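Notes follow the structure.
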């Protein structure tokens, strides 16, 4: 049931652009495959200028004391890295689908054609993503919920509420609660230590450093 909620989130997020006029944050762009590349630019009188692209560096204030990780902590860190790599693409697909669908809906002539397109999209997405999402663990499913917030700047509950209304959003959240999750969960790396670590991992994954 929890995986079905995740599939539902993926499906309805595309619909929100039609009914809610919601805009997602543009997905973060990863660096080029080469962490450092340069092109040679020749200027007047034979002088040569090297134009170098340096990797992006993120600087944040440490909120913890540096120490060597215990074996259990190291194992937990690698589990989180694995889960981020698994969950992040789904969260990005949701944001990208929202943007693309909004742009396409603007080209359709009337509500009837929009509804027909949404029904076709729902059928295609179910066939394409349901088998994959069934492979997610519960832990990875919870992470998808948080990363949806990261990409869309709204909690999954807020997105459901905008489309289905308060009652159905609460109903789906109740199902998530049965599995130890909450659709109201917000992603807050500024104040939540676990989210801060997740954000650092996300940035490293996006930069292809891990």
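So if I restrict to the alpha-carbon atoms in the stretch 156-210, what is the Rg, and what is Dmax, the biggest pairwise distance, in Å?
In order Rg, Dmax, the Cα atoms of the stretch 156-210 give 14.7, 43 Å.
Take the Cα coordinates of the stretch 118-210, assign each an equal point scatterer, and use the Debye formula without solvent to give log10 I(q)/I(0) at q = 0.19 Å⁻¹.
Listed by q, the Debye log ratios stand at -1.09.
Where a number appears in this text, it was derived from the coordinates with a stated rule and is not lab data. Remember, predicted model here, so these are calculated numbers, not experimental data.
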